[in-house]
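Notes to accompany the following structure.
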Amino acid sequence: MRRAIAICALWALAAFAGLATKSDYLVSVATATAFLALWGQSWNLLSGLTGNISLGHSVFVAVAAYVTLLLFQDAGLSPLLGGVAGIAAAVLLAAVIGAATLRLKGPYFTLATLSAAAVVLSLILHYSELTGGPSGIAIPFAEDSPAKLEFTNVRAYFLIAVTLLAAVTLFLAFFRKSRLGFYIAAIKSSEEAAAAAGIHVARIKVLTFCVSAALTGLGGVVYVFFIGFADPNFLSGLTLSVEIALIAVVGGTGYLVGPIVGAVFYETIDAGANAFLGAAGGWDVMILGFSVVALVMTEPRGLCALAQGVAARLARRPPPPAGESVR
Amino acid sequence: MRKIFLSSLTLAVGGALAAIFAGYTARAADQVDIAVIAPLSGPNASVGEMIVNASKLAAEDVNTAGGIKSLGGAKLNLIIADATNDPQGAITTTERVLTQSKVAGAFGLALSPLTTAALPAFVKHHVPVITSAISDALVTPSNGGYLFQIAPKGSAFGNQQVEFLKFLNEKYKMGITKAAILYVNNPYGIATEKGIEQLAQKAGLDIVLNSAYPESITDASPLVSKVQQSGAQVLFPVSYISDAGLLLTALRSANSHVLVIGGGAGFIWPAIGQSLGDKVNGLTSVASWNLDSKNIKSDPKLAAVAARYSKTYNTFMPEQAGEAYAGISVLAAAIEAAGSADPAKVRLALQTLDVKSGGGALMQPGEVSFDANGANTHVMPVMIQWQNNVPHTVFPEAVATSAVTKP
Amino acid sequence: MTILAQAILNGLLIGGVYALVAMGLNLMFGVMKLVNFAHGEFLMAGMYVAVALAGLGLPAGTFGIYWVALPTTFLMAAFGLAFYLLLLDRAAHFGESPQILLTIGLSIGAQGLAQVVRGSDFQLVPNPVNGAALHLGALSLQLGPAIAFVVALAVTIAMARVLRRTRFGKSARAVAESVETAEMLGIDARRVYVASTAIAIGLVGLAGALLIPYHYTFPNVGQNFVVVAFLAIVIAGLGNVVGAVFGGLLMGVMQSLTASYLDLDLSTAAIYVLFLAVLLLRPQGLFSRGRRTL
Amino acid sequence: MTALLELDGIAKSFGAIRSLIDVSLALEQHGIVGLIGPNGAGKSTLINVLTGVYLPNSGSVRFAGRDLAGLTTAERARLGLVRTFQRPTAIADLTCVEGVMVGALCRGLSLSAARAEALSKLALLGLAGSAALSPRTLPTGHLKLLDFARVLTLNPRLVLLDELMAGLSQNELAVVLDAIERLAAQGTTFLVVEHLMDVIKRLSHRLVVLDAGRVVAEGAPAEVIADPRVVEAYLGGEESGHAHA
């Protein structure tokens, strides 16, 4: 309960800050950060809880976004409805991929998800009559219209993004103490013991994957209208998949706010380096990459653990128990 | 270690915030800001570098020539920013530049995905942008009249390649009828391919192979065997530098005698000449700009530009650089004409402008003006042929300065 | 018929480079259970080192440029040593996701570093190998890839012997099976880690040196090779070093065949599909029996 | 009435090693059956075959009159055939009671009902005190009991105890033995694998001796233990048995 209140407070704070900020630039960076955090949360649901590291999560962003967008374009269906179809499509894909790959362990699963995403990407590129191919789909801006998720003011997207983020975070907070949450915790500690306790391990994992995909897709639906342009190589590309996983682990997979912290850290450095050193060419990328390295070498369990450790030091308490928070 | 990290972290965060809040920089009255937003990191960084290099030259030249006279000799000041390699990056960078500094106009973006993504930001801030991206889809009413395309349309490239083939056929009685098209599967490749296809039919060419290939291939031999199987006599490859290199190498190894008429990009970059040595000579390609076309040779000022570029950056002045130099000059001319640094006025000036002299005349055929959709009305792609390791303009006659040697 | 033969040959040749990259990846995975997402950037680094050396001058003769191969290999091996001592030594105990995070961060940073240090332009030292070919009847082999392929095979045989015969090989295999048991047998796992990393990075450096005669060098070049190498090692069986070579060759051939017979722009999709198929039907890999490693 | 569990000619081998050669066995409803045998006799393999972790090479397992072939571990558990582990792993992310609830949840109970069920089972095993704690803080002995409590919340009909008692303190042992006997009285059947002979003697109503993959003797504990073949077979493993316990 305290968690829930804290989350709502944070949400209100963020929303207020967004509306108060004068610079559209800041707000759009914040919006991008919120979406990334949202995807990180969804990723964390699967990988943080079951330890299956997916490097193909962007595929759910792409599928949900494309389905919604095509329904909007070709059938004039409002993204509010089309989004449901889009998310359904993402879930369906997750069920297929999950059923096939979730029995795989460690790197096998990771590379399987990576490949599945790559296959979907090349299909999107190949069937260009339907998807617009590599040129992607630009969303022509007509006029402000909530039903079409079209807003001139970035703050509208920002509000939607942080609200979705808060909602998903709340959901996860309760999810952990739900039936499914308990099952997942049991599976994480030992699949053998979980099965012995009557848990249908395979089924639960696929289900979790689907929920994760649904939340990722939810973000994708709004996101594509935020950037107003569906670029397959970006939406379904490895870069986005990697970023999603990256920020979740950077924040600390064991923590509810991990992905949020991670996203803020990552985007701040990214935007900062780009603003300061972008003109220099290469420096921004280098700094971004190496600051991640520096972080891992300092605290492999991520920023939250790092903060805890520091706090513990200041309070002269022993730091949190060693050992990795994700297995 | 932890200490170091924390301090560096605070530094980064603080820095970023500083960068953000120090946003609205007060501009000296005698200075006009122009944004140059190009991919300066990631796989297309080299394109961005060419653009930045040339833009700097252009600004220098404008300023040494007394700046913007209608603004009391105000100096051009370039605000250079990294559009990164993905739409999200292009959008945030554009937002940042346009929010933080009151620019009179912008140049760059270079790739159509980046341009498409960033365009709404320009419309929102009422800032005109000149792009060097070539996709036809960009210059339509949907761009709200804020996008100006200085380079020829993608389809025009394809058309020119086919025209050139017709020309060669007549000149050398080559009797080429079977054509193969291989294009990189991205907007640039597709746009160009469309152009070739359109005209090929009219020109009575029989297209025996027309296939896209994925970006960033590691081996071109499958492409070559496809071409050989197809029995094509001419190959129209639309490739970036890395694929272009692999393709030409693979063709040579397979000692294939197919005539190659390159689709620009990779086939005209300094790197391809530098890597193939004198084996590059004879290679022909389309280009959206070339350094020695008639309009340039006939004007010592412009000829000097190309010369200065190669002296400063010790490679000849490539396509992307030429467009950037012309683009910045055109912006300067528009500001001059508008007599104001207000982007809205600059935009109107751009729409009505007709540049016949100065840096803008660097674009073939020596004149630049934009139609209602922002397309460059006069511009035409040129055909180049590598002769003693530099691309020479050999077609169309209107701008050609060297005779084509039988490829 | 010649088309098929040519396609298979092309595939094998490009597969040779994949193989060298994959071998190192799999050695590190087998011994340290570490998936090195920065491996592609080590290839890139190797290429830049080789280009820099070649810039010092080329001896006369067709194969002059290959003088850089050995120096590059050793320089990169030293680089690998540093990589281990500076990062992996601690990261070895981090567990899977921090290690992935570490190597991905390294990969991003290295691409930036390369651009900062060497610029973003595409480099290829003019040399007689580029564009030269061997002709067997109707078939023609690009010389550069052919040499890379031959060297890859030689290295494979050498590695196989090293792993079977030498003390390092025996300890490496023991460690790969189980660190605990190995250490009970008095094997210093850390030394095995150091050696494996050095060898792995050395190999990828060699791959780089073999690429530069005919492939451009640029900051992102590693990405084009490493993903295929990843698929290759999983298809071969994670940790199975010699198998990785066959994985690499298979990938090359698949790519080439689909490109020649299906559709060029589906050739990437095809190898991913093959990969998924193998993964689902034979998770332990094509060339591994059960848990056998190295 | 038919037996609760019927094993018919079960054989299981791993490569060359024939772990179970021919095991046929019938367990009646009610009661506590001890299963003993030297190390490597095949006790653990047998448990894994019963719970569906291993598929037998031949032979059939019938539970409550139903052939278990093709059923997963989870499905068998939900039918009431459960097991405990020699070295259980704590569910690090949950409190003890939450970890125990899981079984009840699989039975379809609501969260609150499951919690109540879990608390009662914890109380039964004398762990009521640690309900709200994180299992990470508990000694391994308690982890075993948590593991036991978890499967008990499934209302099992047959519980396979894989060396549950080894490593428990005297009082814990007393509590557990008492609990087992009470549950048995209420109709739960137990198959107890143990090395601790005194425990087995006290607990079992029937004793089965497994050696080298075969049942070498079964019957009333006293007789079986007196049986020279058993003494011979078992003494062979006695030391290792002690070494283990």
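Only the coordinates and a few stated rules stand behind these numbers; no lab work does. Quick caveat, the model's predicted, so the values are computed rather than measured. Note that each Cβ is placed from the backbone with ideal geometry, even for glycine, and that neighbours are counted across all protein chains shown.
Where both bridge residues fall in the protein assembly as shown, DSSP classifies roughly 45% of the beta bridges as antiparallel. Take every DSSP beta bridge whose two residues both sit in chain D; close to 55 percent of them are antiparallel. For a paramagnetic label modelled on residue D:39 (point 7 Å from Cα along Cα→Cβ), amide N atoms under 18 Å away belong, within the range D:180-202, to D:193-197.
Under 12 Å of direct C-alpha separation, and excluding same-chain neighbours fewer than eight residues apart, residue B:202 reaches these aspartates and glutamates: B:163. Computed from point charges on the beta carbon alone (+1 for Lys and Arg, -1 for Asp and Glu), the dipole magnitude for the protein assembly as shown about its Cα centre is near 1540 Debye.
Axis angle, to the nearest 10 degrees, between helix D:170-185 and the longest C-alpha principal axis of chain D: 80 degrees.
Is the C-alpha gyration tensor of the range A:218-260 telling us rounded, prolate or oblate? Criteria: a/c under 1.5 is rounded; beyond that, a/b larger than b/c is prolate, otherwise oblate. Because a/c hits 1.5 or more and a/b fails to exceed b/c, the range A:218-260 counts as oblate.
Span-like helix check, chain A: qualifying full DSSP H segments, with Cα axial length of 24 Å or more and mean Kyte-Doolittle of 0.0 or more, are A:2-20, A:24-50, A:58-75, A:79-101, A:106-126, A:154-175, A:201-227, A:258-277.
Helix B:300-313 and the longest principal axis of the Cα set of chain B meet at an angle near 90°. Ordered by the number of other Cβ atoms lying within 10 Å of each residue's own Cβ, fewest first, D:121, B:102 fall into the sequence B:102, D:121. Mind giving me the FRET efficiency for residue D:169 and residue A:170? R0 is 35 Å, r the Cβ-Cβ distance, nearest 0.05 is fine. For R0 = 35 Å, the calculated efficiency reads 0.20.
The overall shape of the range A:2-238, judged from the alpha-carbon gyration tensor, is oblate: a/c is not under 1.5, and a/b is no greater than b/c. Using the Cβ-Cβ distance between residue D:57 and residue A:95 with R0 set to 30 Å, the FRET efficiency works out to roughly 0.30. Principal axis analysis of the Cα atoms in the protein assembly as shown yields extents of 118, 74, 56 Å, listed in decreasing size. For the peptide C:48-60, the mean number of other protein chain Cβ atoms found within 10 angstrom of a residue's Cβ is 0.
On a 0 to 90 degree scale, rounded to 10, what angle separates helix B:87-100 from the longest Cα axis of chain B? Value to nearest ten degrees: 30. When each of the peptides C:89-102, A:197-210, A:255-268, D:130-143 is scored by how many other beta carbons lie within 10 Å of its residues on average, the order from highest to lowest is A:255-268, A:197-210, C:89-102, D:130-143. With neighbours defined as other Cβ atoms within 10 Å of a residue's Cβ, the residues A:39, A:283, A:11 order from fewest to most as A:11, A:283, A:39. Partner lysines whose Cα lies under 19 Å from the Cα of residue A:205, excluding those fewer than 8 positions away in the same chain, are identified as A:105, A:177, A:188. About its Cα centre, the range B:342-407 has a charge dipole of approximately 120 debye under the convention of +1 per Lys or Arg Cβ and -1 per Asp or Glu Cβ, with nothing else charged. Is the shape of the range A:180-327 rounded, prolate or oblate, going by the alpha carbon gyration tensor and its root eigenvalues a ≥ b ≥ c, with a/c under 1.5 for rounded and a/b larger than b/c for prolate? Since a/c reaches 1.5 but b/c is at least a/b, the shape of the range A:180-327 is classed as oblate.
Take every pair of alpha-carbon atoms less than 8 Å apart whose residues are at least six positions apart; their mean separation over the length of chain D yields a relative contact order of 27 percent. Inter-chain Cβ neighbour count for A:15-25, averaged per residue, equals 3 (cutoff 10 Å, partner chain atoms only). Based on Cα contacts under 8 Å between residues 6+ apart, the range D:88-155 shows a relative contact order of 49 percent.
Mean partner shielding of peptide C:122-133, defined as the number of other chain Cβ atoms within 10 Å of each residue Cβ, is 6. For residue C:170, the lysines whose Cα comes closer than 26 Å to its Cα, not counting residues fewer than 8 places off in the same chain, are C:33. Exposure proxy shown here: for A:158, B:395, A:16, the number of other Cβ atoms within 10 Å sets the order, fewest to most, as A:16, B:395, A:158. Structure note, pairs A:148/B:124; A:22/B:124; B:171/B:406; B:194/B:294: Cα-Cα distances above 20 angstrom occur for B:194/B:294.
Only DSSP H runs of four or more residues enter the estimate; each adds -39500 (n - 2.57), and after division by the residues of chain A the mean residue ellipticity at 222 nm equals -25000 deg cm²/dmol. Any idea what the relative contact order of chain B is, in percent, if you count C-alpha pairs under 8 Å spaced at least 6 apart? Relative contact order, chain B: 17 percent.
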